[in-house]
Amino acid sequence: MVLDHDTELSLQAAAVLANSALPPDTLERVEDLDRFWQRFGYTGRRDGDAAELAAVRALRPLLRELLTSERDRAAELVNDVLARCGAVPRLVRHGAVDWHVHAVGSTEPLDVRVLVETAMAVLELVRLDEVSRLSTCADDGCDGVVVDLSRNRSRRYCSTTCANRNAVSAYRARRSAARAGGGPQGPPAGR
Ligand SMILES: [Zn+2]
Ligand SMILES: [Zn+2]
């Protein structure tokens with residue numbers, strides 16, 4: 001799979017935003033948006049006010065839908081977003097990144113840029129038939145979006161918290177099965 005740097009970052013950023021809406025909400029203050037901005041190295045327009053925060057918060061259900069829809073539905077959503085936002089693809093070169101496509105100007109509001117960038121990234125996944133890179137967390141109690149860009153498609157959990165929790169419970173299940181004399185094939189305990 002050949003995804004450019006911006007596409008991978010856009011997918012990861014969109015997943016972080018979508019997952020921030022899961023309880024407890026982790027995008028409630030302007031400072032939370034500051035952290036997101038810094039983490040993903042955004043540049044361009046930043047209002048830093050309550051209206052911008054509200055717009056980004058309101059975007060999250062659509063981001064989740066873009067990241068979790070099956071391929072045909074994702075294609076429809078992408079087309080709809082790009083048309084509605086008046087996206088215009090252009091070749092750009094910035095920083096150390098060689099020529100690649102941006103479809104939204106850097107002076108557009110942050111929520112519009114995140115939305116168009118997410119749509120362009122999902123466009124790539126649809127085009128490459130790689131929508132299966134997107135899924136929801138394998139943890140029973142978690143609806144987190146998972147973006148798996150690993151070579152061997154090994155990513156199943158939305159976060160290290162979910163991965164660790166499941167590793168610990170799998171370990172406990174194996175250990176108590178072994179103690180009960182059931183060995184590794186025994187049924188998982190504690191369920
Ligand atoms: Zn770029
Ligand atoms: Zn999770």
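So, LEU123, is that one under 20 Å from the mean Cα position of the chain (by Cα) and either surrounded by fewer than 14 Cβ atoms within 10 Å (Cβ to Cβ) or free of Cβ contacts under 8 Å to residues at least 24 places away in the same chain (or both) or not? Against the criterion (under 20 Å from the mean Cα position of the chain (by Cα) and either surrounded by fewer than 14 Cβ atoms within 10 Å (Cβ to Cβ) or free of Cβ contacts under 8 Å to residues at least 24 places away in the same chain (or both)), LEU123 does not qualify. Taking the conditions (1) among the β-branched types (Val, Ile, Thr); (2) touching a strand residue (DSSP E or B) at 6+ places or on another chain (Cβ under 8 Å); (3) modelled with pLDDT of 95 or more; (4) within 16 Å of ligand 1 (Cβ to nearest atom) in turn, VAL114 satisfies each one other than (2).
Taking the condition within 16 Å of ligand 2 (Cβ to nearest atom) and farther than 30 Å from ALA51 by Cβ, does SER154 pass? So SER154 passes the test. Number of residues in segment 76-97 that are within 16 Å of ligand 1 (Cβ to nearest atom) and either closer than 12 Å to VAL116 by Cβ or among the charged types (D, E, K, R) (or both): the value is 5. Residue-level analysis places ALA13 among those that are closer than 25 Å to LEU134 by Cα and touching a helix residue (DSSP H, G or I) at 6+ places or on another chain (Cβ under 8 Å). Among the residues making up segment 139-166, those that are in a helix (DSSP H, G or I) and either of a type in the set (S, T, N, Q) or under 13 Å from THR68 (Cβ atoms) (or both) are THR160, THR161, ASN164, ASN166.
Here ALA55 meets each of (1) surrounded by 13 or more Cβ atoms within 10 Å (Cβ to Cβ); (2) farther than 15 Å from ARG113 by Cβ with one exception, condition (2). Scanning segment 167-186 for residues that are part of a loop (DSSP other than H, G, I, E, B) and crowded, with 16+ Cβ neighbours inside 10 Å yields nothing. Among residues of segment 157-170 that are without any contact (Cβ under 8 Å) to a residue 40 or more places away in the chain, those with a Cβ under 6 angstrom from a residue that is in a helix (DSSP H, G or I) and more than 16 Å from ligand 1 (Cβ to nearest atom), sequence gap 6+ or separate chain, pair up as TYR157/ALA163. Would you confirm whether any residue within segment 137-145 is away from ligand 2 (no atom under 12 Å from the Cβ) and touching a Leu at 6+ places or on another chain (Cβ under 7 Å)? No. Counting only residues that are surrounded by 17 or more Cβ atoms within 10 Å (Cβ to Cβ), within 17 Å of the chain's Cα centre (by Cα) and over 22 Å from LEU149 (Cβ atoms), how many does segment 22-52 have? Count: 2.
The values are calculated or read from the model by the stated rules, or taken from the named source; none is laboratory data. On a predicted model such as this, the values are computed, not experimentally measured, just so you know. When we count neighbours, we look across all protein chains shown, and the Cβ atoms used for this are built from the backbone with ideal geometry, even at glycine.
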